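Reviewing the structure listed below.
A short reminder: the numbers here are calculations on the coordinates, not readings from a lab. Given the structure is predicted, the values throughout are model-derived calculations rather than measurements. A quick note on method: Cβ atoms are made from the backbone with ideal geometry, for glycine too, and the neighbour counts reach across all protein chains shown.
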Number of protein chains: 2
Amino acid sequence: MKTIRNKFALLAIVIAGLTTAYAQDPLPSWNDGKAKQSIVEFVAKVTKEGSPDFVPAPERIATFDNDGTLWAEQPVPVQLFFALDRVKALAPQHPEWKTKEPFASLLKGDLKTALAGGDHALLEIIMATHAGMTTAEFEQIVKDWLATAKHPKFKKPYNACVYQPMIELLAYLRANGVKTFIVSGGGIEFMRPWAEKAYGIPPEQVVGSSIKTKFEMRDGKPVLLRLPEINFIDDKAGKPVGINQHIGRRPVMAFGNSDGDRQMLEYTQGGSGARFMLLVLHDDAAREYAYGPAKGLPDVKLGTFTPALYEQTKKDGWTVVSMKDDWKTIFAFENK
Amino acid sequence: MKTIRNKFALLAIVIAGLTTAYAQDPLPSWNDGKAKQSIVEFVAKVTKEGSPDFVPAPERIATFDNDGTLWAEQPVPVQLFFALDRVKALAPQHPEWKTKEPFASLLKGDLKTALAGGDHALLEIIMATHAGMTTAEFEQIVKDWLATAKHPKFKKPYNACVYQPMIELLAYLRANGVKTFIVSGGGIEFMRPWAEKAYGIPPEQVVGSSIKTKFEMRDGKPVLLRLPEINFIDDKAGKPVGINQHIGRRPVMAFGNSDGDRQMLEYTQGGSGARFMLLVLHDDAAREYAYGPAKGLPDVKLGTFTPALYEQTKKDGWTVVSMKDDWKTIFAFENK
């Protein structure tokens, strides 16, 4: 009897120890440091009833950029790889593409010449590959592509190239009553098919860029047809607009990694009461990528973190995460 | 000891009885009948694990029209009363309105002449009263107006003129893991300031018509300015578009009351698996209003339930609620 009682006592101590360890480290992939500490302290003060910074649960809204904040966006954003693969898949139905830019260069594998046409070329590629089907068909196309495509550097499916520290952060915030949203320049219907599984963020909490759709009856079935016409660009000054349109509340926390997120963080900070703004700095060429050009890091075309933005983080008290120093693990597959 | 045990046994029976009574009648303002039965049976089968009609909780999406479905929309939709009161409040700043239609007639109290200009006149009224301020300022204007304005027939604040049976239905669905959304032709930012309190529906679950907004810095503060330009009309064929844009899933249940809801119900029904579609028929002139022109009820300009729509409910198996027969109570204030 005594032995059994002792065993239970021991078990209770072990469980209590584990629980405490977990409670003390909800973010195991984050190194101890200012970034991690700023997050944990903010969450503690806004969730503590009676605290002057307390925020009622319904108002605990956190918005996350996707490309470069939740998953890798180099050497080019994932959705562009998707579009390029779609151009190849659709080429047999478009013999005219052999001589028509930007498709001709793309099909020859010359991405640089194809994209030399700038926004107009990009738009042509997006419309040719993202419109002309129903929303249900497009969802299936995205799912099928994700099931086979691999990231060129990491040789893993793209939805495995999500940042483990951010996955933990999303779960930690939700455990503290925070409602997590994606607010991305990427296509809303490109993200929704996999965001729930990858991030625990349901389709109705994904905000993104979109093309127009049209309701119609097709063979007696009601469908939404995707039209080759821009509806909304959820980037830069568009992000606060998208947040207001979809969420209708000013976020309490906002997370990004580039100049495209500046206005979202400014809008978040502009609310009354406690606010938290964070930017991820990609400074780990070995485990992921290093780009800025802030802090003398290499310049890039998409996903830039400019020196001016870096200055703003200091002036406005935004947290900057150094991937190299603040993240113990970047990808879950590193540890396998 | 025996007495105490008996008391506990008695208490257990009483509690069990209360629990059963509640479980048997989650919708006390609904009369027993086909409409109520169809709702309860549908919820039972989609929430029962192992049932062929089981729907996992994240996919349990229900969309509700607002005007005429959740609150009264006669003699004219509430938002129009708001716009008219705003025209009066703003008139001193607009001396030109004295001679300019539709404002001149409005200010004389001649609603009929003012609205004779049709959609164009309505649009002019909306833009003059809904744009030109920040989103935060507009929210406050709506709240201030609701705090004092009264419904002309019921002499109660408009947000007290919500249908008690639908309030119970919303709570009942949420208790069964259903996520409830508003999908209304009304203004998204006109509904959000009060929908959470009135319906338990948070701002991020309100879909509606909208005007464009623009992010800008005003006196160093980041704000969203409301622009006099239509962004989206969430009515008729626009409702499935709005649902896809905001929710990204096809609803499992949809509730409306007029021809403006037809496509939302069709889109809902078009999904695979069990679906539930319901329309409220306003046939109670004594307690609320009677209008159709379905079933020989009086015709109206806004909120029509046509005979063709009524035929469709029979063909497609949609539930029709007779306010007169199916609702024991319409407004909570009736019982006070």
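Brief remarks follow.
- Calculated FRET efficiency for the pair residue A:25/residue B:332, C-beta based, R₀ 56 Å, to 0.05: 0.70
- Among A:57, A:195, A:35, residue whose mean-square fluctuation peaks in a GNM of chain A (springs only between Cα atoms under 10 Å): A:57
- Cut-off 9 Å between beta-carbons: net charge of the residues surrounding residue A:215, Lys and Arg +1, Asp and Glu -1: +1
- Convex hull volume per residue for segment B:101-221, taking Cα atoms only, in Å³: 152
- Under 5 Å, built H, 5+ apart or other chain: amide partners of residue A:207: A:182, A:183, A:184
- With a threshold of 24 Å on the Cα-Cα distance, the over-threshold entries among A:34/A:324; A:45/A:314; A:179/A:214 are A:179/A:214.
- The lysines whose alpha-carbon is closer than 25 Å to the alpha-carbon of residue B:88, local same-chain residues fewer than 8 away aside, are B:98, B:100, B:108, B:112, B:143, B:150, B:153, B:155, B:156, B:212, B:301.
- Rounded to 10°, Cα long-axis angle of helix A:307-316 versus longest principal axis of chain A: 30
- Sorted ascending by nearby beta carbons within 10 Å, beginning with the fewest, A:105, B:51 become B:51, A:105.
- For chain B, modelled as a GNM whose springs connect Cα atoms under 10 angstrom apart, the maximal fluctuation among B:255, B:154, B:305 occurs at B:154.
- Size of charge dipole - the protein assembly as shown - debye, nearest 20, with Cβ of Lys, Arg +1 and Asp, Glu -1, no other charges: 1760
- Loop-resident sites, segment A:19-73, for GluC sites (Glu not before Pro), counting at most 10 other Cβ within 10 Å (DSSP): A:49
- P(r) tail, the protein assembly as shown: Cα-Cα pairs separated by more than 43 Å, 32% of all pairs.
- Look at A:129, A:69, A:148 and count the other Cβ atoms within 10 Å of each Cβ; fewest to most, that gives A:148, A:129, A:69.
- Contact order normalised by residue count of chain B, Cα under 8 Å, 6+ apart, percent: 20
- Across peptide B:246-252, the average count of Cβ atoms from other chains found within 10 Å of a residue's Cβ is 5.
- Theoretical FRET efficiency, 1/(1+(r/R0)^6), r = Cβ-Cβ of residue B:104 and residue B:150, R0 30 Å, to 0.05: 0.70
- Size of charge dipole - segment B:254-327 - debye, nearest 20, with Cβ of Lys, Arg +1 and Asp, Glu -1, no other charges: 100
- Dipole of segment A:163-302 computed with +1 at Lys/Arg Cβ and -1 at Asp/Glu Cβ about the Cα centre; of A:225, A:199, A:277, farthest Cα towards the positive end is A:225.
- Model label zone, residue A:217; criterion: amide N under 17 Å from point 7 Å along Cα-to-beta-carbon; scope segment B:285-326: B:306-318
- FRET efficiency estimate (nearest 0.05) - Cβ-Cβ, residue A:136 to residue B:233, R0 30 angstrom: 0.80
- Among the trypsin sites (Lys or Arg not before Pro) in segment B:215-315, those placed in a DSSP loop whose Cβ has at most 15 other Cβ atoms within 10 Å are B:287, B:301.
- Rounded to the nearest 10 degrees, the inclination of helix A:135-148 to the longest alpha-carbon principal axis of chain A is 70 degrees.
- Cα centre as origin, Lys/Arg/Asp/Glu Cβ charges: segment A:207-336 dipole, Debye: 400
- Across peptide B:262-271, the average count of Cβ atoms from other chains found within 10 Å of a residue's Cβ is 3.
- From least to most packed, judged by other beta carbons within 10 angstrom and beginning with the fewest, B:313, A:268, A:63 follow the order B:313, A:268, A:63.
- Of the residues B:141, B:157, B:107, the one whose Cα sits farthest towards the positive end of the charge dipole of chain B is B:157 (charges of +1 on Lys and Arg Cβ, -1 on Asp and Glu Cβ, taken about the Cα centre).
- Among B:244, B:159, B:66: highest mean-square fluctuation, GNM of chain B, C-alpha pairs under 10 Å: B:244
- Nearest-ten-degree value, helix A:164-175 long axis tilted from longest Cα axis of chain A: 60
- Of A:42, A:318, A:305, farthest towards positive along the dipole that unit charges on Lys, Arg, Asp, Glu beta carbons give chain A: A:42
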